[in-house]
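The structure appears right after this line, and notes come after that.
The values are calculated or read from the model by the stated rules, or taken from the named source; none is laboratory data. Predicted, not measured: the structure shown is a model, and the values here were computed from it. Neighbour counts run over all protein chains shown; Cβ positions are idealised from the backbone, glycine included. Side chains included, ligands, DNA and RNA excluded: accessible areas come from the protein's heavy atoms. Shrake-Rupley method; radii C 1.70, N 1.55, O 1.52, S 1.80 Å.
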Amino acid sequence: MHRCTGRLLVFLAGAGFVLHPTVRAAEGASLPEHPAFDMHGGGSKPGSWAGGMQAGFPWQAVHLQYGLEDGWTPFVEVSSALLQRNEPSIGLALRWVDRPRVRVTGEVLLGWQVQTGVLAHSGPSMALRVRAAAWVGRRIMPYTAWTTRHTLLIDRTALETASGTETSLTAGPRWDALGVVGVAFVLSPRVGLELGVEYPRTDGSTVTLPGVHLGLQFGGRP
Amino acid sequence: MRHSWPVIGLLSLLMNACSSEPAELGIYVQGQHLAVVDMHLHPGEWSQIPPDTQAFLASRFPFPLNLIPEIAASVTLSGEGILGEMDKAGIHAGVLFAVYAPQTVGIASNELVGEQVAVDPERLYGLASLRVDRWNTDADLELQRLEEAITTYGMIGVKLAHAHMHFRMDDARYFGIYELAGRLGAPVYLHTGTSPFPGTSREPPYTDPAYLEDAIAQYPETVFILGHLGYDFENHALGTLEHCLRLARDYPNVYLEPSALGSVGSDPESVNLPKVMKAIRDAGLVDRTLYGSDGPQSPGFVNTYLQRTVTAMTASGYTVNEVRAVLADNFTRIFHLPAIQP
């Protein structure tokens with residue numbers, strides 16, 4: 001067995017052991033309205049809100065959403081890779097499949113990508129994301145999310161000549177994709193904890209390394 | 001630097017977390033255990049690299065390391081980092097290059113190389129270099145420093161890159177470098193072919209080793225190692241390979257080193273490195289060829305390049321003894337070092 005896989009399984013087993021006494025207290029919570037379900041299955045019931053934070057390598061993120069009628073959920077989120085590539089976005093989610101134990105949601109996001117450092121760039125972005133989550137029993141919820149993001153990178157070129165400085169703007173597209181699989185655990189009726197693994201594809205052909213994160217979900221009704 | 005040492009530690013951990021257990025040194029070819037020397041490795045300091053080249057290098061790092069290239073570089077370009085990459089590849093010994101090309105690829109001073117070699121002097125060697133950008137006034141001083149690096153600090157050879165350092169291969173004002181190297185018994189490694197780095201000279205007098213012929217003929221006691229075999233890194237083409245082969249055939253003091261040209265980025269279809277290795281064998285120049293990778297570049301590159309080179313050799317019909325010669329024995333013979341036992 002690969003060492004990483006072994007370590008992951010050991011971690012998951014450990015997490016389940018640690019959570020065991022706590023999750024008993026969560027029994028009786030309404031699964032379809034749990035914030036972890038709303039965050040990873042996507043969307044919130046009308047009048048409910050949910051938030052989440054994740055930290056890991058390389059991504060960190062915060063996400064807040066509020067449920068409206070007819071399956072619509074607006075949200076805001078900010079994600080960052082190593083605090084170097086930052087992507088604030090607003091979005092709208094629509095629940096496609098909305099059953100008590102299974103949820104599938106489509107999301108559209110509009111934002112701005114700002115990367116600092118040696119490879120600095122910025123530009124507007126649009127992303128499409130599909131989320132899916134399902135309960136296994138009352139405590140564990142595997143989930144997945146797949147995102148395709150298209151960014152228009154804007155370059156400003158200043159050419160200094162004897163007659164003055166000429167400035168021009170050029171733009172080029174860039175495509176990023178991100179797949180996430182993970183599992184969320186119920187900590188309480190209003191709080192969930194999750195571990196996820198990310199499979200990115202960034203900057204078109206750039207080779208990418210997988211990521212991992214821990215996240216916390218919470219929510220309720222105002 | 002904005003990032004703290006804990007981040008560097010975390011990155012080091014992550015870069016090594018998924019590696020296999022420390023590998024046995026050496027590789028197996030047709031059941032025989034062979035020693036390996038990588039004669040082309042680059043230590044360095046990120047701050048000594050010009051911004052355009054920093055961006056070029058960062059763009060070759062995998063995501064997300066390309067977001068924090070200075071940290072990734074501090075891990076991979078140190079003596080410890082290079083030894084880690086050598087361990088993963090099973091490489092017994094490596095040669096670290098000093099570089100003085102402040103306008104293009106930056107500076108890795110003789111002192112820096114000496115410090116990194118000292119991390120494990122049983123496995124690491126150094127090639128010294130010198131500045132040539134103020135040659136009209138500083139030539140004597142630079143030659144003196146070069147001699148000190150070799151005689152006093154244990155460097156075993158000289159590294160030059162005309163395309164990076166912006167001086168012609170046939171410019172006789174610089175022939176004193178070859179004279180000194182020959183007198184000290186220090187082989188000279190020369191970058192040949194175009195360079196992918198920003199700001200380098202691309203014209204033939206800086207890249208085509210045919211322009212070295214006068215120096216090669218004039219200093220028969222000096223060993224000339226033609227790095228990259230004249231590869232055209234701009235167009236991913238064989239470039240002036242034929243000139244390199246002819247020089248090696250015509251002059252016994254010319255050697256060949258096929259680093260970097262067969263990397264995933266420079267030979268995306270994996271066709272050029274096999275062609276080069278076959279051409280070397282067909283020309284009867286296996287005993288003039290030394291293995292090098294041009295690493296570490298990015299995590300895993302040193303290992304990948306070794307595998308690609310061995311694959312290219314076996315596909316070209318190299319015998320085990322020929323592979324053994326290229327991977328280690330030619331190097332120890334040319335540099336007058338003890339043979340390495342796998």
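In table form, for the structure just shown:
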quantity	calculated
Single match in B:218, B:297 (criterion: surrounded by fewer than 16 Cβ atoms within 10 Å (Cβ to Cβ) and touching a Phe, Trp or Tyr at 6+ places or on another chain (Cβ under 9 Å))	B:218
Residue identified as out of contact with any strand residue (DSSP E or B) (no Cβ under 7 Å at 6 or more places or on another chain) and on the phi > 0 side of the Ramachandran plot among B:230, B:176	B:230
Test result for residue B:44, buried (at least 18 other Cβ atoms within 10 Å of the Cβ), of a type outside the set (D, E, K, R) and farther than 30 Å from residue A:117 by Cβ	no
Residue match in region B:62-75 (condition: aliphatic (A, V, I, L, M), under 30 Å from residue A:113 (Cα atoms) and not in a helix (DSSP H, G or I))	yes
All positions within region A:172-222 that are assigned to a loop (DSSP other than H, G, I, E, B), touching a residue at least 24 places away in the same chain (Cβ under 8 Å) and of a type in the set (Val, Ile, Thr)	A:202
Among residues of region B:152-182, those that are touching a residue at least 60 places away in the same chain (Cβ under 8 Å), open to solvent by 20 Å² or more (accessible area, probe 1.4 Å) and farther than 21 Å from residue B:138 by Cβ, counted	1
Candidate set from region B:50-60 (those that are open to solvent by 20 Å² or more (accessible area, probe 1.4 Å) and in contact with a helix residue (DSSP H, G or I) (Cβ under 7 Å, 6 or more places away or on another chain)); member that is farthest from the other protein chains (Cβ to nearest Cβ)	B:57
Selection from region B:183-215 of residues that are open to solvent by 20 Å² or more (accessible area, probe 1.4 Å) and closer than 16 Å to residue B:130 by Cα	B:184
Single match in B:288, B:308, B:333, B:249 (criterion: in contact (Cβ under 8 Å) with a residue 40 or more places away in the chain, charged (D, E, K, R) and within 26 Å of residue B:181 (Cβ to Cβ))	B:288
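Each row is one residue, and each column tells you yes or no for (1) closer than 16 Å to residue A:35 by Cβ; (2) more than 14 Å from chain B (Cβ to nearest Cβ); (3) more than 22 Å from the chain's Cα centre (by Cα).
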site	(1), (2), (3)
A:154	no, yes, yes
A:161	no, yes, yes
A:168	no, yes, yes
A:182	yes, yes, no
A:193	yes, yes, no
A:200	no, no, no
A:206	no, no, no
A:220	yes, yes, no
